[in-house]
Amino acid sequence: MERKKTPTWVWVIVGVVGFCVLALVVLVGGGIYMFRQHVSANSASTQDVQGEFEKARQRFTGQQPLVEIQGTGKDDRQVVVHKPLETAERRTNLQSIRVLAYDPRQGRIVRVDVPVWLARMAMSNRGGLGRRRISVNGENIEFDAGNLTFEDVERHGPGLIVDTGDGRGGQVIVWAE
């Protein structure tokens, strides 16, 4: 008996589909690996949290944060961005954006180390996200992303970006290194 030969176009389609599936698996796996390397969340006592936040704040004594959140109530919060001058030198040697956040309701402290390339991509307006927000203890504080660009962070350089909290013990501190 003669065996039918499979047309070449079928093998091309199978190869392309196989490549796409493999690329998707690598992309998802890489994303999970990266997330696990850069994010940690642990239970912590209030005393441990206070000590860790004070230690982080000591590094920035006397430094004005790039983004200041004023007001204490949910309705009277205002976000003020202290933009560096356009002529200020951009520091392109930043390595990471670090976040330290505490939610007393869950008793968890979260540490995030975001590589600069990822932070730059997240802050670009090309993603179509339009608005940005900071969430402290379940409260979302929104600000227009057009007010703060990654170039502003680079002009600000290494140092304090945000240091805020709420009346219920939630705290967030963000800095660039």
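The values are calculated or read from the model by the stated rules, or taken from the named source; none is laboratory data. Keep in mind that this is a model prediction, so the values were computed, not measured. In this analysis, Cβ positions are derived from the backbone assuming ideal geometry, glycine residues included, and neighbour counts consider all displayed protein chains.
Return yes when residue 32 is farther than 14 Å from residue 165 by Cα, hydrophobic (A, V, I, L, M, F, W, C) and under 20 Å from the mean Cα position of the chain (by Cα) and no when it is not. Walk me through it before giving the result.
Numbers: farther than 14 Å from residue 165 by Cα: yes; hydrophobic (A, V, I, L, M, F, W, C): yes; under 20 Å from the mean Cα position of the chain (by Cα): yes.
Yes, satisfied.
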- Residue pairs within 7 Å by beta carbon, gap of at least six or interchain, first lying in segment 76-87 and closer than 11 Å to residue 153 by Cα, second modelled with pLDDT of 80 or more and among the polar types (S, T, N, Q), listed first then second, are 82/64
- Message: What's the number of the only condition in (1) more than 19 Å from the chain's Cα centre (by Cα); (2) assigned by TED's automatic domain parsing to the domain that holds residue 161; (3) at pLDDT 90 or above that residue 87 fails to meet?
- Response: (3)
- Counting just the residues of segment 29-71 that are over 22 Å from residue 115 (Cα atoms) and touching a Ser or Thr at 6+ places or on another chain (Cβ under 9 Å), which one comes out modelled with the highest pLDDT? 68
- Query: Can you pull out the strands (runs of 3 or more DSSP E) entirely within segment 30-112 that have at least 3 residues that are surrounded by fewer than 12 Cβ atoms within 10 Å (Cβ to Cβ)?
  - Reply: 39-43
